[in-house]
Amino acid sequence: MSISPSFLDELRNRVPVSRIVGKKVTWDLRRSNQAKGDWWAPCPFHGEKTASFHVDDQKGFYYCFGCHAKGDALTFLRESDGLDFIEAVKVLAAEAGLPMPERDPAEAKKADRRSVLADAMEAATRHFRMQLGTGQGGAAREYLSGRGLDQAGIDRFELGFAADTRQGLLSALKEKGIPQDVMDEAGLIIVPDDGGTPYDRFRGRIIFPIRDARGRAIAFGGRAMDPNARAKYLNSPETALFDKGRNLYNVAAARSAVSRGAPLIVAEGYMDVIALSLAGFEGAVAPLGTAITEDQLRLMWRISPEPVIMLDGDAAGQRAALRLIDLALPMTGPGQALRFVTLPTGQDPDDLIRAHGAGALQKLLDGARPLVDLLWEREVEGREFDSPERRAALDASLRKSIALIPDEATRNHYTAALKERRFELFGGRRGAGRLTPGPRDWRGRRGQPEPARAQTRATPLGQQDAGDATLESMVLALCAAYPGLASRVESRLELLAPVDEGRAALCHDLLAGTDSAAGRAALARIMEDAYVRASPLIRQPQDAEKAAVVLGNILDKIEARRAAMAELSRAEAEIQGMVDEGLTWRMSESARARHLAEKPAIEDSTDLNEDRGALSARLASYFDTRRTKGGG
């Protein structure tokens, strides 16, 4: 139904936000200014004692300075009561004393027909509930009692029973004046194509009424009492009221519970939802005989930003989780996340609660894992990564999955999280795909350089250049100031490998997207560096592309310096009194490469250049000293 903006504006003008909000909060009258329509109260969304929730009637909005909830009267009704948009408009219209706008005639006809079908469904619900209390429903009552349901639980979920007769419901509804074509359209009976006698769709089954978000009975689920029945569970067919891929069992009650702070738990079936709800987990829902669909995901996210998917621990539960990964990734983003709980093998929520209590289930919920965990497990489970090709295949598969995520920030965080897991996988013990650095792997387990040997530390070659430290500071500061920049130079940043433990921790945080105390402390020290503070790119992080170019220039300098130092180290090992022409040529080539690196295409305005003759002077001094000592 389309609502004109002018009608919505009229509602907002007639109904102050404080009138709607005031039904849910207690105003702090000492802080509020009623005459000006300025109201303060403890926030109804995150349960606090201080009055940080502000309502401004003149501007027509509310805002919480604690949890940052904000919106107008319609938003408040939707968030606090779990109403959809049209329902919220109806409540506000009633509050304003305004009739809802006239509907389109064709739409009105469809709505009237749906209303007729809904009435038939309510009549069927009453019939099934009555049948459960008769002699024919004795076995069904025993089954429900064995599953821990008392009469209060049966009444709460309106459970019923369809007797094993061909026309029990058909006859009962005819007596109430409901036409056969309405029963057929509502999916309550089956009319044979050959013109045979119509008969009840549900026979010999426990009946679970399925209601939509508005509380209307739209379908039924039936569990067979006969263990040899061809289908253990049978659902209503799709009708004008019921689309099984767009609805969830218990959605109305769950939405109300979530609005009061309960988690949204997505279980597998009707009895799981009932067991969870009766144990105090009232935000439980279930799909309707199918795998979770895109529309059901969207419905879940309208109720809660982070539903918890509860899966059985068997193979079928794991397959369901893997299917959901590819469905959810193209839809995930800020405010649309999933977490997962896997039940012990062979147990459903009812078994777990009865065996170990609600506390055991709460412990599982507290340990619910994010979607990225399941994505990682899917890619590495049962696989070996003992060759570059297999690692490359893993990287390609992860990149393909991450590319499905539409939100850039979410993609970046997934990339960082998966890099962290990859680092842990390939940084552990040898075997099972976990590789250990060998004697030639100079970077070591954590990407750190091999500590300088005692005899090397004693020479000029073993001492860190002060200019390198400043350049290193600029690299880390730029990557910290521009999120996502580290991932663009990942391989080069890994090779940076700072010797200082704090900087090493910061480097790891930037690559993995983590946040460690050591990394934060190192960044604070770096930001005190005069050269870093003087950089416009650091003082006002705005031009990410220029920052990327400058970062590349600085890394070129660092790599050229290190290459020169490596040549010096090899020269120290090779010199035996006289310098041959080959060694001289290599040293000159190293100096030339460094000179080119010191002349980047774009420079930050910070003066980070050093005397380009310093290396030549250092070489000359070093070789003169060696000749003097060696007599060469």
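Structural remarks
- Applying the set (1) touching a helix residue (DSSP H, G or I) at 6+ places or on another chain (Cβ under 8 Å); (2) within 23 Å of Gly222 (Cα to Cα) to Ser259 leaves exactly one unmet item: (2).
- Residue list for the stretch 369-386, restricted to those being in a loop (DSSP other than H, G, I, E, B) and either closer than 15 Å to Arg422 by Cβ or at pLDDT 95 or above (or both): Glu381, Arg383, Glu384, Phe385, Asp386
- Top-ranked residue of the stretch 274-291 - restricted to ones that are assigned to a loop (DSSP other than H, G, I, E, B) and in contact with a strand residue (DSSP E or B) (Cβ under 7 Å, 6 or more places away or on another chain), ranked as nearest to Ala219 (Cα to Cα): Leu288
- Criterion violated by Arg319 - all others in (1) outside any loop (DSSP other than H, G, I, E, B); (2) touching a Phe, Trp or Tyr at 6+ places or on another chain (Cβ under 9 Å); (3) modelled with pLDDT under 85 satisfied: (2)
- Which listed residue is among the aliphatic types (A, V, I, L, M), buried (at least 17 other Cβ atoms within 10 Å of the Cβ), without any contact (Cβ under 8 Å) to a residue 60 or more places away in the chain and under 21 Å from Ala416 (Cβ atoms), from Leu523, Leu555, Leu485: Leu523
- Each residue in the stretch 260-297 was checked for being more than 20 Å from the chain's Cα centre (by Cα) and among the polar types (S, T, N, Q), and 2 of them qualify.
- Within the stretch 147-167, the set of residues being more than 40 Å from the chain's Cα centre (by Cα), surrounded by 17 or more Cβ atoms within 10 Å (Cβ to Cβ) and assigned to a loop (DSSP other than H, G, I, E, B) comprises Ala163 only.
- Residues satisfying the stated conditions in the stretch 214-223, i.e. part of a loop (DSSP other than H, G, I, E, B) and either surrounded by 17 or more Cβ atoms within 10 Å (Cβ to Cβ) or among the hydroxyl-bearing types (Ser, Thr, Tyr) (or both): Arg216
- Neighbours by Cβ (under 8 Å, 6+ apart or cross-chain): first from the stretch 53-75, free of Cβ contacts under 8 Å to residues at least 12 places away in the same chain; second in a loop (DSSP other than H, G, I, E, B) and crowded, with 17+ Cβ neighbours inside 10 Å: Tyr63/Ala69
- Listing of helices (runs of 4 or more DSSP H) fully contained in the stretch 498-604 that carry 3 or more residues being at pLDDT below 65 and not hydroxyl-bearing (Ser, Thr, Tyr): 544-574, 581-597
- Considering only residues in the stretch 179-203 that are small (Gly, Ala, Ser) and either assigned to a strand (DSSP E or B) or under 38 Å from the mean Cα position of the chain (by Cα) (or both), the one that is farthest from Gly289 (Cα to Cα) turns out to be Ala186.
For (1) crowded, with 21+ Cβ neighbours inside 10 Å; (2) under 25 Å from Asp295 (Cβ atoms); (3) assigned by TED's automatic domain parsing to the domain that holds Val116; (4) among the β-branched types (Val, Ile, Thr), each residue gets a yes or a no:
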position	(1), (2), (3), (4)
Arg205	yes, no, yes, no
Asp212	no, yes, yes, no
Met225	no, no, yes, no
Tyr249	yes, yes, no, no
Ala262	no, yes, no, no
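- Looking across the stretch 55-83, just one residue is under 23 Å from the mean Cα position of the chain (by Cα), modelled with pLDDT under 85 and over 17 Å from Pro42 (Cα atoms), and that is Gly82.
- Some residue of the stretch 371-387 being more than 17 Å from the chain's Cα centre (by Cα) and aromatic (Phe, Trp, Tyr): yes
- Flag for Ile207 being closer than 17 Å to Val273 by Cα, part of a helix (DSSP H, G or I) and at pLDDT 95 or above: no
The values are calculated or read from the model by the stated rules, or taken from the named source; none is laboratory data. All values reported here derive from a predicted model rather than from experimental measurement. Using ideal geometry, Cβ is built from the backbone for each residue, glycine included, and neighbour counts are taken over all protein chains shown.
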